[in-house]
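Where a number appears in this text, it was derived from the coordinates with a stated rule and is not lab data. Remember, it's a predicted structure, so these values are computed and weren't measured experimentally. Note: ideal-geometry Cβ built from the backbone for every residue, glycine included; neighbour counts use all protein chains shown.
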Amino acid sequence: MDAIIQAQKLSREYVRDAERVLALRDVDLEICRGEFLALMGPSGSGKSTLLHLIAAMDRPTSGQVLVLGKDPQSLAGRALARWRNLHIGFVFQSFNLIPILTALENVALPLKLTALSAKQQMEHARTALKLVGLSDRLHHFPRQLSGGQEQRVAIARAIATDPDLILADEPTGNLDAGSGAQILELLAVLNTEYGKTLIMVTHDPRAAHFAKTIRYLDKGVLRPPGGEPGDWAGASRTAESQLSATGSEP
Ligand code: ADP
Ligand code: MG
């Protein structure tokens, strides 16, 4: 078994004013290469916190997470930025593109930290944009793109360095159903055809349908595999019956 993520007793506590919030409690999680995991749970259940800890965008209060066998917390500054840039692609709900850069320039940005020549950087960025179906939008600025197209640029940026792992935090949260479905199909292709390991946070049982495995967080506690809370079970059954009613199977 080729574990790409191994979290042990991972906890994160936030202190806000005099109040302590245990955002994540003793999470044990092992994710193998090639997995496509949907992480579900109500708002405030610690989903983003878990993704941020895996990406070393935040530090655990206790416990540890190894990514590709390495504890990224052992790195700092530029070394951490390089490591993250090479191994993890992060996709945000609100796209987080740089408004004054074109699609091509946005996608080329993470390649600036690599040893590639300027010409190679542009070639790689073009290839990534082609893969997401945006070869005809290279020189458009984010404001000239639809939300779905902006998210596809963000995905191209996330895969530009050919990382092993893609983390997506509610990637369809700001999109209409049609654009959202295109994004989910694209993520599924990255998993099945390009072998990327994916963790996707989502509220939407229809989105989770695209994943291979679903895990649930509840008040910072990761439920065991198959441990689907009652109310969520109802929600996903409803989504399934809606999908079969419209005949739009993912
Ligand atoms: P989710 O993504 O599932 O909605 P989060 O991981 O964002 O949940 O948050 C989990 C809990 O931690 C929430 O109660 C939230 O208010 C709290 N929290 C998250 N980030 C911070 C922070 N930077 N400072 C204080 N509290 C935070
Ligand atoms: Mg969140």
**Request:** With springs only between Cα atoms under 10 Å apart, run a GNM on the chain and tell me which of 46, 63, 148 wobbles the most.
**Result:** 63
**Request:** Taking H placed 1.01 Å from N in the peptide plane, check which residues at least 5 places from residue 5 or on another chain put their amide H under 5 Å from its amide H.
**Result:** 31, 68
**Request:** Could you please report the charge total around residue 67, scoring K, R as +1 and D, E as -1 over all other residues with beta-carbon less than 10 angstrom from its beta-carbon?
**Result:** 0
**the range 15-140: C-alpha gyration tensor shape, a/c 1.5 cut-off, then a/b vs b/c** = prolate
**Request:** Could you list the residues of the range 48-82 with an amide nitrogen less than 14 Å from a label point located 7 Å from the Cα of residue 13 in the Cα-to-C-beta direction?
**Result:** 60-63
**Message:** Please compute the modelled spin-label separation between residue 144 and residue 130, points set 7 Å along Cα→Cβ, answer in nm with one decimal.
**Reply:** 2.1 nm
**Request:** Quick one: grab the alpha carbon gyration tensor of the chain, order the square roots of its eigenvalues as a ≥ b ≥ c, and give me rounded if a/c is under 1.5, else prolate or oblate depending on whether a/b is larger than b/c.
**Result:** oblate
**Item:** Extended-chain gain in nm, criterion 0.36 nm per residue less alpha-carbon gap, residue 193 and residue 74
**Value:** 39.6 nm
